[in-house]
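The values are calculated or read from the model by the stated rules, or taken from the named source; none is laboratory data. Bear in mind that the values here come from a model prediction, so they are computed numbers and not experimental data. As a convention, Cβ positions derive from the backbone with ideal geometry for all residues, glycine included, and neighbour counts pool all protein chains shown. These accessible areas exclude ligands, DNA and RNA; they are computed on the full protein's heavy atoms, side chains included. Shrake-Rupley method; radii C 1.70, N 1.55, O 1.52, S 1.80 Å.
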Amino acid sequence: MWDYSEKVMEHFFNPKNMGVLEDANAVGMIGSIVCGDALKLFLKVDENNKILDASFQTFGCGSAIASSSMLTEMVKGKTLDEALSITNEDIAKALGGLPAEKMHCSVMGREALEAAIKTYRGEKVQEKEEDESRLVCRCFGVSENKIRKNIIENRLKTIQDVINYTKAGGGCTSCHTDIQDILNDVWKKDLSQEKEMKPSAEPKEKSIPLTNIQKIMKIQQVIEEDIKPALVVDGGSLELVDVEGNTVKVKMHGACSSCPSSSFTIKTFVQRILKEKVLPELEVVEVK
Amino acid sequence: METKIIYVDNNATTKVAPEVVSAMMPFLHKFYGNPSSMHFFGGEVSRHVERAREQVASLMGCDTSEIVFTSCGTESDNTAIIGTLEALSNNRKHIVTSIVEHPAVKNTMAYLSKKGYRVTELGVDRQGLLDMNALKEAITEETALVSIMYANNETGVIFPMEEIGKIAKEKGAIFHVDAVQAVGKIPLNMQSSTIDLLSFSGHKLHAPKGIGGLYIRKGTRMRPYLIGGHQERGRRGGTEAVPNIVAIGCACELAAKNISEENTQVKAKRDRMENWILQNIPDTILNGHKENRLPNTSNIGFEYIEGEAILLLLSKAGICASSGSACSSGSLEPSHVLRAMQIPFTSIHGSIRFSLSRYTTDEEIDYIIEKLPGIIQKLRTISPFRKGNMPSL
């Protein structure tokens, strides 16, 4: 038997807001009877985009019914934007947690909510067949987009995680290699993005040498656009005097000229920005 | 825990019969000797083990030397299948089985196919019956082993053992039968049977968990699966689980004594419950052949609702049943048995198995009949699906 929390059992035995909401003006339906669970969410939204009332119909197990019931309680009184900020994890948390294998029930809640709000706003709801990404899991009709979205939102790391949250891969298992590829792709991309954050500080033109005139123009541009505005805040300014090779000669004006820490400013701020944006080899010196 | 317990999940496990408890208790309290010991204290215990073997053999209609005690049905299945294949005197590498076997057989087959065996899984029809023509075609002179269950645990559907055995024998294949659900419910006579090996389990016939057995026809070559001492004539090492062996002996004797009378009674109760449900609750479907079935099992599909939800509400009312639905098992797909039968998608997720026993009373059947409609009605109110509003698929 599943280890359901008391909250889950409470919402299963005595579901709140079940049945059709007659004057609903936003309805979202997710899942199908073939897959084993489906949720139809009804919302009544007022002219200020506030959800006045909500109800549900669910075909599914105990935790699917409990998740639906909890979702309707959570969205009532919220604006559409506020409601959209509810994640599947929020639904699971409100229920005192769900068994890992049942997390897809909370995902279904979140998806039905999105579908209902999109319908209300006149946006296109991505039906499975309209989802342009490729169908990965044929047993449960789960697209690559849905799998990617859940991997990122719920930080899923293994095929079993993906099964628990999306059902993808829970049938014939023939798509497991595809799911692993997607997992590898998402997390590799994420890692490389982190790496790129630092390397990207280096100028992209690194490999293409600048001509002297290009270098001077670029330095002048960065001083005008990035450095001066920052110094102005402190009542100071700066002027480009000359460029000799990779040595940039600058003269400080205003508050900066008399500032005891002006050489510090030059080294830590001006030089750093110019190195980042123009050429890493640059050295900045102050001329009086 | 509810105080009221209406237990209709006897294909999962059964209540230990009070007679069985009494029979086994002295072997926990007093007679703790090892049957292999030379002294009188062990010898006395040994006599009770052999007495239990007689009781089992008597239910099976076989010789005592053909019964080996194991720890469970799964061990019996593993021993029968792997033990005989390892002792094979020919080079046959083909196995025929059915698609609806219990995991104890099904997963052993998956293991063997990785080991280089060719496994043919026979399909079933909408009623859960085996395709006998396919079976005839599948079994050839290359077939080493045919392993088919006697009766299916989920639907109770019975397969024609002797017909299958005859085909297997004609081609010189060994015939193993997983009879875990059948022993104690279907009269057996192994002497006049074509079955070579037959697995059974104690806790399905009112003995405790932790005891099983295997019938091995005289002359069947087999390597011991549990390698160890000389116990069970060297066919299964390990000190005998004496209290459990005494228990299964007693349970078999009880079953043999009452098999026909009990089955008539159990069947009458099962039929009353089943007919009432099918006639009074709309959109219900019987899963499995109506006649060709164990007398205690009823698998009913409730359309447009999901099985785990039904089980939880039944459980709240004190009724213990089980479901082949995906959600209740922890997998995401409904049971392999119901899928193999191509049960319609409207009811496959809402299929519930009720399995009765000699201890099921008429009052309990009345109680189930009283509670069930409200539960089904409640879930159908919650469900977005109903007859006529099904989305096109």
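Observations on the model:
- Gyration tensor (alpha-carbon) shape descriptor, chain B, a/c threshold 1.5: oblate
- Solvent exposure, largest accessible area first (probe 1.4 Å, DNA, RNA and ligands not counted), of B:Lys115, B:Lys169: B:Lys115, B:Lys169
- Ligands, DNA and RNA excluded, the heavy atoms of A:Val20 present near 80 Å² of accessible surface to a 1.4 Å solvent probe.
- Spin-label pair B:Arg221/B:Ala12, simplified geometry with 7 Å Cα→Cβ offset, distance in nm: 4.3
- For the pair A:Arg121 and A:Glu22, a Förster radius of 25 Å applied to the C-beta separation gives a FRET efficiency near 0.70, rounded to the nearest 0.05.
- For the pair B:Ala134 and B:Phe41 in one chain, pulling the backbone fully straight at 0.36 nm per residue adds 28.0 nm over the alpha carbon distance.
- Heavy atoms of the protein chains alone define the surface here; on that basis chain B has 41 Å² accessible area per residue at 1.4 Å probe size.
- Inter-label distance, B:Asn389 to B:Gln191: 6.4 nm, where each label sits 7 Å from its Cα along the C-beta direction.
- Accessible carbon and sulfur surface of the protein assembly as shown relative to its total accessible area, %, 1.4 Å: 52
- For region B:88-156 versus region A:55-77, the spacing of their alpha-carbon centroids is 44 Å.
- Three-way shape call for chain A based on the alpha-carbon gyration tensor, with the a/c threshold at 1.5: prolate
- Cβ-derived FRET efficiency at R0 22 Å, B:Gln265 paired with B:Arg51, nearest 0.05: 0.20
- For the set A:Val142, A:Val34, solvent exposure ranked by accessible area (probe 1.4 Å, protein chains only) runs largest to smallest as A:Val34, A:Val142.
- Averaged over its residues, region A:1-89 has an accessible area of 40 Å² per residue, based on protein heavy atoms and a 1.4 Å probe.
- Relative compactness, the protein assembly as shown, computed as alpha-carbon Rg over 2.2 N^0.38 Å: 1.35
- Residues B:Asp283 and B:Lys171, FRET efficiency given R0 of 51 Å [Cβ-Cβ distance, rounded to 0.05]: 0.70
- In chain A, Cα pairs under 8 Å separated by at least six residues give a relative contact order of 12 percent.
- Contact order normalised by residue count of region B:1-158, Cα under 8 Å, 6+ apart, percent: 18
- Sorted largest first by accessible area at a 1.4 angstrom probe radius, with every protein chain in place, the residues A:Lys146, A:Lys215, B:Lys15 fall in the order B:Lys15, A:Lys146, A:Lys215.
- Among A:Ile33, A:Ile163, A:Ile213, the largest mean-square fluctuation in a Gaussian network model of chain A (Cα springs under 10 Å) belongs to A:Ile213.
- Residue of B:Thr239, B:Thr297, B:Thr346 that the Gaussian network model of chain B assigns the largest fluctuation, springs spanning Cα pairs under 10 Å: B:Thr239
- Size of the B/A contact, given as accessible area buried on both chains, probe 1.4 Å, in Å²: 2400
- Remark: relative contact order (region A:6-120) = 32 percent; criterion is Cα-Cα distance under 8 angstrom and separation of 6 or more residues.
- Between A:Leu52 and A:Asp81, the modelled label-to-label distance comes to 2.2 nm, taking each label 7 Å out from Cα in the direction of the beta carbon.
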